[in-house]
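See structure below.
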Amino acid sequence: MLTLISWASLGIAFICAIVIAVDEIRHPQKMWIMNVVWPVTALYFSVFGLWGYIRIGRRMAKDAMQGVSMDQMQPQMTGREKRAGHDPTWRQTAVSDSHCGAGCVIGDVISEFSLFALGWTLFGSSLYAEYAGDLLLAWLFGIAFQYFAIKPMRNLSVKQGLIAAVKSDTLSILTFEIGLFGWMALTFFVLFPNPHLHPTAASYWFMMQIGMILGFFTSYPMNRWLIKSGWKEAMG
């Protein structure tokens, strides 16, 4: 039964991601990195990710924002002093959170398959190796995603963009992984202690979908604070 539910959940999520990707071919996002963020978000949020794209993402497409510059998109954010104290809407926070989450998800997927194929463990446990690998790749991809968002929005140099990306997204990534890692530990030690689930099983990725959704919610307050403090740009 779990296997059937897992395949159904993964199948629906992939269909939602494909629907978004196809629509983005016709209506590409004004900020190109969001063309990646929205389909990846649907891979774990499924129909809710598709709903978010239709509700918010379509309004961020190039053809929906013709003639709108980056400065006009963020009129209240001309400097950190002006950005600080800005109270983001739930849409802006959710888009910022999904942006961070997409980088984490890609890093996690690559890490999980790679570690399983290599058979690596840490302190005698595959879970701890997954923690280390997931965190490292999630951080690298998360920073890369943030760089391609924050650099054009603030018109920064490459060095300034990298520093700003690390500063704005590190805490967001850490709080996302807290929710995911907590669920991974529960799955590993409590739900499936013997035998453990492996990345080759659909049920493993169904559990990861749940963990990623939890990660989205544990990082939501941090993303809101980062936007309000001026460390991160509001989007959406």
Subject >> Residue selected from region 98-115 under the condition under 13 Å from Ser219 (Cα atoms) and either of a type in the set (A, V, I, L, M, F, W, C) or surrounded by fewer than 24 Cβ atoms within 10 Å (Cβ to Cβ) (or both), by the criterion modelled with the lowest pLDDT >> reply: Cys100
Original post:
Is it fair to say Asp134 is at pLDDT 90 or above, of a type outside the set (A, V, I, L, M, F, W, C), assigned to a helix (DSSP H, G or I) and under 12 Å from the mean Cα position of the chain (by Cα)?
Top reply: no
Subject >> Qualifying residues in region 12-57 (those that are in contact with a Lys or Arg (Cβ under 9 Å, 6 or more places away or on another chain) and outside any helix (DSSP H, G or I)) - the one modelled with the lowest pLDDT >> reply: Lys30
Original post:
Which numbered condition trips up Leu10, out of (1) surrounded by 14 or more Cβ atoms within 10 Å (Cβ to Cβ); (2) closer than 21 Å to Asp97 by Cα?
Top reply: (2)
Original post:
In region 151-183, which residues are aliphatic (A, V, I, L, M) and in a helix (DSSP H, G or I)?
Top reply: Met153, Val158, Leu162, Ile163, Ala164, Ala165, Val166, Leu171, Ile173, Leu174, Ile178, Leu180
Original post:
Quick one: is Phe148 in a helix (DSSP H, G or I), loosely packed, with under 15 Cβ neighbours inside 10 Å and aromatic (Phe, Trp, Tyr)?
Top reply: no
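The values are calculated or read from the model by the stated rules, or taken from the named source; none is laboratory data. Fair warning: this is a prediction, and the values are worked out from it, not measured in the lab. Positions of Cβ are generated from backbone atoms using ideal geometry, with glycine treated the same way; all protein chains shown enter the neighbour counts.
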